[in-house]
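Below is one structure, written out as structure tokens; the observations come after it.
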Amino acid sequence: MWPAATLAEYRLALRAPASLAARVLDDAGRFTLGPLTEVVAQDHTFADLSPYLSEGPIQAYVAHERAIRGESIDVEVFPALDIPARLAQWEPTYLLPTYRDSGLEVATLDLPTGFTPLEGQHAESIDCADVTEAFRLLIEPWTTSESIAWNVASTRGAAHSAIHALTPSGRIATLSSHDALRWLTWIGASGGPDGRRRGNAAGRFSTWWLLAALTDSLDSWPPATMDRLDQLNWFWWDNGHDRQGWSVGMAVHDTSADASWAFEARDRSAS
């Protein structure tokens, strides 16, 4: 059951003409299924909304959401997210939610196939506080749930070694770079089991931040390019069983630095 005013704001953002939809974006949508900047971007173009949006964070989030949906943003917008509103060539086609009058459908990816057993490899741990913090920010809404446990392992050597630091046995499968980035943005856009959806603009920003931490590019934020992305090999892993509930296991190996990171967010209530 939604409060009447909240439902009205949500449906105006979703269905009303651009001139009216833009008016409900200020300080609204706290209790809706997702941010109204993402709701309004589903069926309204930035070009149509722009005349009714003052320069500021709301304008920026709408622009980023529309860019994710394929619109070319040809104007400079308020730097609320501090990354370009235009999609880079290396970015994938992102998974889009579908907002309906009283519901939300969120597309997801199939789990990879071709799992192989995890090899038991012990390796030197390395200090990567920036990567750990970047992953925490990515999954921050998930951490509002007491059922979610999360961890990051950083080691020298192959991805197996980082995963082995989190689990004694399991399995691993290769992820394409595009699927890995889609997963990361999906994770960052979601709200986890108990949190409110943050939206793809926030998920994309969190993914950029994690990539910059992995490639040691935070000092030059926002990175002009992501030249080292082709040196990152991505993997999905689990403990030998398909993950249930709000759970994810990913790993990445930086071939240039011979360093690896394993990420886990696990819904203990679904185990």
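Rounded, prolate or oblate: which one fits region 197-271, using the alpha carbon gyration tensor with axes a ≥ b ≥ c (rounded when a/c is under 1.5, else prolate when a/b beats b/c, else oblate)? Cα axes put region 197-271 in the oblate bin. By its C-alpha gyration tensor, with a ≥ b ≥ c as the square roots of the eigenvalues, how is region 162-203 shaped: rounded for a/c under 1.5, else prolate for a/b larger than b/c, else oblate? Oblate, since a/c reaches 1.5 and b/c is not below a/b.
Farthest toward the positive end of the dipole of the chain, out of Ile172, Ser154, Leu111, is the Cα of Leu111, where the dipole comes from beta carbon charges about the Cα centre. Note on the chain: with charges restricted to the Cβ of Lys and Arg (+1) and Asp and Glu (-1), its dipole about the Cα centre is near 720 debye. The relative contact order of region 116-270 comes to 32 percent, based on Cα pairs under 8 Å that sit 6 or more residues apart. Estimated from helical segments only, the mean residue ellipticity of the chain at 222 nm is -9000 deg cm²/dmol, where each DSSP H run of four or more residues counts as -39500 (n - 2.57). Between His122 and Arg23, full extension at 0.36 nm per residue minus the direct alpha carbon distance yields a gain of 30.0 nm.
Computed from phi, the 3J(HN,Hα) profile of region 141-158 under the Karplus parametrisation 6.51, -1.76, 1.60 (θ = phi - 60°) reads x, 5, 6, 6, 8, 5, 7, 8, 10, 9, 7, 9, 10, 10, 9, 7, x, 6 Hz, with x in place of Gly and Pro. The Cα center of region 232-271 and the Cα center of region 1-63 differ in position by 35 Å.
For region 26-66, the spherically averaged projection of the C-alpha convex hull amounts to 2.7 nm². Projected label points at Arg156 and Asp230, each 7 Å from Cα along the beta carbon direction, are separated by 2.8 nanometres.
What do the square roots of 5 times the Cα gyration tensor eigenvalues come to for region 73-130, in whole Å, largest first, as semi-axes of the equivalent ellipsoid?
Semi-axes from the Cα gyration tensor: 35, 24, 13 Å.
Rg and Dmax over the alpha-carbon atoms of the chain stand at 19.4, 60 Å. Less than 5 angstrom separates the built amide H of Leu175 from those of Trp234, Phe235, Trp236, all sequence-distant by 5 or more or on a different chain.
What is the magnitude of the charge dipole of region 4-87 about its Cα centre, with +1 placed on the Cβ of each Lys and Arg, -1 on the Cβ of each Asp and Glu, and no other charges, expressed in debye to the nearest 20?
280
Computed log10 I(q)/I(0) for region 4-87 at 0.24 Å⁻¹: -1.15, from the Debye equation with unit scatterers placed on every C-alpha and solvent omitted.
Whats the longest run of the chain with zero GluC sites (Glu not before Pro) that are DSSP loop and have at most 14 other Cβ atoms within 10 Å?
147-271
Of the trypsin sites (Lys or Arg not before Pro) found in region 3-55, the ones in coil according to DSSP and having at most 14 other Cβ atoms within 10 Å of their Cβ are Arg30. Sorting Val40, Val252, Val75 by the number of Cβ atoms found within 10 Å of their own Cβ, with the fewest placed first, yields Val75, Val252, Val40. When the charge dipole of region 4-87 is built from unit charges on Cβ atoms (+1 for Lys and Arg, -1 for Asp and Glu) and taken about the Cα centre, the candidate among Val39, Ser50, Val62 whose Cα reaches farthest toward its positive end is Val39. Anisotropy class assigned to region 118-270 is oblate, per the alpha carbon gyration tensor with a/c at or over the 1.5 cut-off and a/b no larger than b/c.
Using the Karplus relation 6.51 cos²θ - 1.76 cosθ + 1.60 with θ = phi - 60°, the per-residue 3J(HN,Hα) values for region 79-91 come to x, 5, 9, 6, 9, x, 6, 7, 6, 7, 4, 7, 7 Hz, with x marking Gly and Pro. Computed over the chain, relative contact order equals 18 percent, with contacts defined as Cα pairs under 8 Å that lie 6+ residues apart.
Every number here is computed from the coordinates shown, using simple stated rules; none is lab data. Because the structure is predicted, anything quoted here is derived from the model rather than measured. Every residue, glycine among them, receives a Cβ derived from its backbone with ideal geometry; neighbour counts consider all protein chains shown.
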